[in-house]
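These notes are about the structure you will find just below.
Values quoted throughout were computed directly from the atomic coordinates according to the rules given, and no laboratory measurement underlies them. For clarity, every value in this text was computed on a predicted model and none was experimentally measured. Cβ coordinates were reconstructed from backbone atoms using ideal geometry, including for glycine residues, and neighbour counts include every protein chain displayed.
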Amino acid sequence: EEQGNRLDAKIEEQENRLDAKIEEQGNRLDAKIDSLRTELREEMQRGFARVHSDYRDVRNRLDRLTDSLALRGLQLIEPEEG
């Protein structure tokens, strides 16, 4: 019976060690997942900011081009009126 108790104690000790290792690995994985989520969120925000900036640049260029074409149109029309 004493031998059985020692065996039970060893088994329980090993179970506790395994549980601790599993919990430690789980915690590391959770931390890694959180880190990757944060990294992904930041990259998405940077990407959105770049797209928004590119859109603004294109919009500004288009506005300048439209203004330029409108001025050219006026210049073409004005001599006929004058």
With springs connecting C-alpha atoms under 10 Å apart, model the chain as a Gaussian network and identify which of E42, E23, E12 has the largest mean-square fluctuation.
E12
Based on the Kirkwood radius over alpha-carbon pairs, what is the Stokes-Einstein translational diffusion coefficient of region 29-73 at 25 °C with 0.890 mPa s viscosity, in µm²/s?
187
Given springs between every Cα pair under 10 Å in a Gaussian network model of the chain, which of Q25, Q45, Q14 has the largest fluctuation?
Q14
Specify the angular offset, from 0 to 90 degrees and rounded to the nearest 10, of the alpha carbon long axis of helix 2-81 from the longest principal axis of the alpha carbons in the chain.
0
Mind checking which of E24, E39, E15 has the largest fluctuation in a GNM of the chain, springs on alpha carbons under 10 Å?
E15
L36 paired with D67, simple spin-label distance in nm, labels 7 Å along Cα-to-beta-carbon
4.8
For region 1-75, alpha-carbon Rg over 2.2 N^0.38 Å
2.82
Residue-normalised 222 nm signal for the chain, counting each DSSP H run of n ≥ 4 as -39,500 (n - 2.57), nearest 500 deg cm²/dmol, is -37500 deg cm²/dmol
